[in-house]
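Please read the structure below before turning to the comments.
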Amino acid sequence: MSEAETDDSALAARALAGQQSAYGALMRRHREAIYRIVRGHVGDGHEALDITQETFIAAFAALARYDGMRPFRVWIARIALNKCRDWARRRTVRRFFAFARPVEDAAEVADPDSTPEEALHSQRELARINAAIASLPANLKDVLLLRTIEQMSQAEVAMVLGVTEKAVETRLYRARAKLTEILRD
């Protein structure tokens, strides 16, 4: 059976049995989605890489607690969001005590088809949008990232966040309205 044909719960069981290739398969299958969630949450690519790595380390350490009847994607997304919240708390404490400045965003790769002016404008707009998303309250940001960026269903988002589907719908509406307001200013 190929990696693509194996479902997440079977891979998790094989990983628990000590099969390293199953760990790798789970990570390859979910790392990009987890990175996107984290990147959207923290707004910094370098920090997002670190937090994504922490997420997988924590997930594999807690793999025995994974319920194979539920989607692995939902389970690991919840871990990622918790890691983002931990990061935000640590960052707030560090800023308070050390008056540290936030780490600047990594330089974006230039688009060879655009003029330097267009590339600069595009980078600025992207940075502005990322900053606006990062500035949203966590409950709105989480819903926006999971539903819009990761294209999870309303039911999946509700499972990740432990709220009702109606709460997901309401928070998504509020997140979009708040984002529109921030970007308008």
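Each value in this text was obtained by applying a stated rule to the coordinates, not by laboratory testing. Since the structure is predicted, the reported quantities are computational estimates derived from the model, not experimental observations. Please note: Cβ atoms are built from the backbone with ideal geometry, for glycine as well, and neighbour counts cover all protein chains shown.
Some points to look at:
- Relative contact order of segment 1-69, defined on C-alpha pairs under 8 angstrom at six or more residues apart (%): 33 percent
- If the segment from Leu183 to Ile57 were pulled out straight at 0.36 nm per residue, it would be longer than the present Cα-Cα gap by 41.8 nm.
- For Phe72, the shell of other residues with beta-carbons less than 13 Å away shows a net charge of +4, using +1 for Lys and Arg and -1 for Asp and Glu.
- Relative intensity of segment 115-174 on a log10 scale, I(q)/I(0) at q = 0.20, 0.21, 0.30 Å⁻¹, equals -0.71, -0.75, -1.16, per a Debye sum over C-alpha point scatterers of equal strength in the absence of solvent.
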